[in-house]
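The values are calculated or read from the model by the stated rules, or taken from the named source; none is laboratory data. From a predicted model like this one, the values you see are computed outputs, not experimental measurements. Cβ placement follows ideal geometry from the backbone for every residue including glycine, while neighbour counts extend to all protein chains displayed. Just the protein is used for accessible areas: all its heavy atoms, side chains included, with ligands, DNA and RNA removed. Shrake-Rupley method; radii C 1.70, N 1.55, O 1.52, S 1.80 Å.
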Amino acid sequence: MTGLLPDALLRLPHRQEVPFARLTTLGLGGLCHWLFEPSTEAEAALFVRTCHQAGLRYRVLGGGSNLVVLGDIQEPVLRLRLKEPVIHEGGNLTAPASHGHIVLADKAAELGLSGLEWASGIPGSLGGAIRMNAGAHGGEWVQVLDRYRFLTPEGEVVEKRPEPGEFTYRRSWFGPSHIVLSATAALAPSDSTAIRRTMAQFQQRREGSQPKGVRNAGCIFKNPPGLSAGRLIDEAGLKGLRVGEAEVSSLHANFLVNRGHAHPQDFAELMAQVRERVKAVHGVELDTEVEIWGAGQD
Ligand code: FAD
Ligand code: EPU
């Protein structure tokens, strides 16, 4: 593919052959052949327009905390590195999509803005969180999202308010070539100490129930309606199940962790075994919550 990328792309900031182990929290193998890292919206738009004109498929990467990468990725990958500041106007907080999600929740607390307490334990970027409609402890992005800006697959910038049905449980309406540029949360002025107290309670709950200090991508499967994927996997007796260095966490069964140097095939095999056993024991088909890239999975 090297010789096939248009010159206009190659003039943008980029790196080659970056291991996904460094780009994702799960840390599986696989190489990102082309990683483009625009630091302005104009550069991001140029990237998209150039790919569109050349008929090139590309992928969008945020903090890599919801990704299971199973192989090398040949297509250009875009990771925003926007430098725009966070803007605080009344109860509204606007940030660029590449802003750290946990840092943003912390900023809201510092400013005495309530509404993002639930977000404080969710890693990755704001863009990834909007795309996934990330949520925890009864909160999710759609509840506080006032408006968002994004690039269309043709490279046009659009600003929009969320409409019913656009953001559902861990999903959004965006296609793979849409790029979230920024988002505005509508928050409520409150007391910083009270906000931080709630955050600490959520954090304590998380620390008691989710693995720490071992590489993972959060919950691997979505909760089926009215059920808990973690409980289903646990009740199927799968905690501690291992394929190579890929393992079902003994603390939370919906976390499949990389104990060190898990091979992508081992991870894929572990996911398949978990699904199979849960289907056999409970008759329930688990649907992945994480995004899977590579090895013909996408
Ligand atoms: P990535 O993993 O990089 O990408 C995820 C998807 O978003 C991909 O499809 C990617 O193409 C797309 N994307 C990324 N950036 C953009 C952009 N700018 N524009 C358009 N699309 C984009 N999630 C929860 O919802 N709740 C939790 O409680 C939670 N806990 C977690 C705990 C741990 C320890 C870990 C590792 C993960 C957890 N997650 C949780 C999963 C993950 O953190 C979230 O889904 C997060 O919002 C993903 O953001 P990201 O930037 O890392 O996205
Ligand atoms: N449970 C078990 N065994 C386990 C894990 C859980 O029996 O191994 C039981 C728990 O005891 C509890 C129920 O299952 O009764 C639900 O568990 P938990 O409260 O841990 O929540 P969850 O539904 O497993 C969801 C999100 C998490 C989010 C937490 C906290 C999904 C798939 N998971 O987990 O999000 O952090 O709630 O709000 O929706 C993520 O999306 O990556 C993620 C980590």
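If every alpha-carbon in the range 1-157 counts as one equal scatterer, what log10 I(q)/I(0) does Debye give at q = 0.12, 0.15, 0.17 1/Å? Summing over Cα pairs of the range 1-157 leads to -0.56, -0.84, -1.03.
Share of carbon and sulfur in the accessible area of the range 87-193 stands at 54%, probe radius 1.4 Å. The listed residues VAL86, VAL103, once ranked by accessible area (1.4 Å probe) with the largest placed first, stand as VAL103, VAL86.
Reported value for the range 2-61: 89 Å³ per residue, from the convex hull of its C-alpha atoms. Can you give me the Rg/Rh ratio for the range 149-201, using Cα atoms for both radii and the Kirkwood formula for Rh? Rounded to two decimals, Rg/Rh equals 1.13. Among the GluC sites (Glu not before Pro) within the range 40-89, not one is in coil by DSSP while having at most 13 neighbouring Cβ atoms inside 10 Å.
Rg and Dmax, both from the Cα atoms of the range 175-298 and both in Å, are 17.4, 50.
A probe of 1.4 angstrom, applied to the heavy atoms of all protein chains, finds GLU235 with accessible area near 120 square angstrom. On a per residue basis, the convex hull of the C-alpha atoms belonging to the range 87-193 measures out at 94 Å³. Placing unit charges on the Cβ atoms of the charged side chains and taking the dipole of the range 106-174 about its Cα centre, the candidate lying farthest along the positive direction among GLY127, PRO162, PHE174 is PHE174.
Taking every DSSP bridge with both residues inside the range 2-78, close to 50 percent are antiparallel. Of all DSSP beta bridges confined to the chain, the antiparallel ones make up roughly 80%. The order of the peptides 266-277, 203-214 by mean Cβ neighbours within 10 Å, most packed first, is 266-277, 203-214. Which of rounded, prolate or oblate describes the range 230-298 when judged by the alpha-carbon gyration tensor and an a/c cut-off of 1.5? Taking the square roots of the gyration eigenvalues as a ≥ b ≥ c, the range 230-298 is oblate. Taking all protein chains into account, the per residue accessible area for the chain stands at 45 Å² (1.4 Å probe). Measuring nothing but how far apart in sequence close Cα pairs (under 8 Å, 6+ apart) lie, relative to its length, the chain scores a relative contact order of 18 percent. According to the Cα gyration tensor, what semi-axes, each the square root of 5 times an eigenvalue, does the equivalent ellipsoid of the range 18-97 have, listed from largest to smallest in whole Å? Those come to 26, 19, 9 Å. For the chain, the pair-distance distribution built from all alpha carbon pairs, in bins 10 Å wide starting at 0, is 6, 27, 33, 25, 9, 0 percent. Other residues lying with their Cβ under 12 Å from the Cβ of ARG81 contribute a combined charge of -1, Lys and Arg counting +1, Asp and Glu -1. Full extension of the chain between ILE102 and THR25 yields a length gain of 26.3 nm, computed as 0.36 nm times the residue separation minus the alpha carbon distance. The magnitude of the dipole of the chain, with charges of +1 and -1 set on the Cβ of Lys/Arg and Asp/Glu and taken from the Cα centre, is near 420 debye. Residues within the reach of a label modelled at LYS160 (point 7 angstrom out along Cα to beta-carbon, backbone nitrogen below 19 Å), restricted to the range 90-104, are 95-98.
Spatially close Lys pairs in the chain, defined by Cα atoms under 25 Å apart and a spacing of eight or more places or different chains, total 9. Helices in the chain, meaning DSSP H runs of at least 4 residues, each add -39500 (n - 2.57). Divided by all residues, the mean residue ellipticity at 222 nm is -8000 deg cm²/dmol. Residue ranges 90-98, 278-286 sort as 90-98, 278-286 when ordered by packing (mean number of other C-beta atoms within 10 Å per residue, highest first).
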